[in-house]
1. Sorting ASP112, ASP80 on the 10 Å Cβ count, fewest up front, what's the list?
2. Name the lysines eligible as straight-distance cross-link partners of LYS57: C-alpha to C-alpha under 24 Å, and not fewer than 8 places from it in the same chain.
3. Quick check on region 34-201: of the DSSP beta bridges with both residues there, what percent are antiparallel, nearest 5%?
4. Treat every Asp and Glu Cβ in region 34-201 as -1 and every Lys and Arg Cβ as +1, leave all other atoms uncharged, and give the resulting dipole magnitude about the Cα centre to the nearest 20 debye.
5. For each of LYS103, LYS57, count neighbouring Cβ atoms within 10 Å of the residue's Cβ, then give the residues from fewest to most.
6. Could you rank the peptides 159-170, 180-191 by their average count of other C-beta atoms within 10 Å per residue, with the highest value first?
7. Within a 10 angstrom radius of the beta carbon, how do GLU114, GLU157 rank from fewest other beta carbons to most?
8. Quote to one decimal, in nm, the extra length available between ALA50 and ARG95 on full extension: 0.36 nm per residue of separation minus the C-alpha distance between them.
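FYI, it's all coordinate maths here, none of it is from the lab. Quick caveat, the model's predicted, so the values are computed rather than measured. Cβ placement follows ideal geometry from the backbone for every residue including glycine, while neighbour counts extend to all protein chains displayed.
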Amino acid sequence: MINNTVKAAGLVAALAIALILVVALSPGLSERIGQGVALVASSPFEGGFALTDQTGKPVNDRDYRGRFMLVFFGYTFCPDVCPTTLTVLAGALDRLDPATAAKIVPIFVTLDPERDTPAVMRQYVSAFSPAIVGLTGSSDDIAKVKKNYRVYSVKVEGSAPDLYTIDHSALLYLIGPDGRFRATLDPGHSAEGLALALTRSVQ
């Protein structure tokens, strides 16, 4: 009886591993593009938002219809992932030809509205590229956007109330001119690779 149970458990585990491998290797589900940049499979969704940009102006996703939105979530106190990703993003934008760049609106949405005011966002995003739009809002506003984009984040308390960090996912969401989800990009660490992925994705 024990042997049969063990065999059954082993068969289930083997089937699960096989299924994972099939999904991971199936064409169209994920694609490695360029130098370390992946086009990652994800369920389609429509990511809407109603937030405030770095100038203090209320904006929503419909304001960017007709162009591709490249949306990244993070926060200005982020010690590594956010500045690295935004540096790669800025480098990729610089490598795009003007016609392709004109099709894209890069957007940085804070996950830390308590500290990231419009003024803070303006100073932060301008350090990377004048093309990047920084968005913030109330805690409720950010919670709604996280839900719409299926973004993971969790606050990690520090040694003082204002020294917390935020663990979060670090993907770029490409939204089409019609407002519908197109792709999730893992930027890796290559501006060249991301520029190539964007050029292919917005054609």
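1. On the way: ASP112 21, ASP80 8.
Sorted ascending by nearby Cβ count, the order is ASP80, ASP112.
2. Qualifying lysines at Cα under 24 Å: LYS103, LYS144, LYS146, LYS147.
3. Numbers: 20 of 30 bridges.
Taking every DSSP beta bridge within region 34-201, about 65 percent pair in antiparallel fashion.
4. On the way: 16 positive and 18 negative charges, 114 e Å.
Here region 34-201 has a charge dipole of around 540 debye.
5. Values: LYS103 16, LYS57 10.
Result, fewest neighbours first: LYS57, LYS103.
6. Values: 159-170: 12.4, 180-191: 19.1.
Listed from highest to lowest mean packing, they are 180-191, 159-170.
7. Values: GLU114 14, GLU157 9.
The most exposed by this proxy come first: GLU157, GLU114.
8. Numbers: separation 45, 0.36 × 45 = 16.20 nm, distance 3.02 nm.
Residue separation times 0.36 nm, minus the Cα-Cα distance, leaves 13.2 nm.
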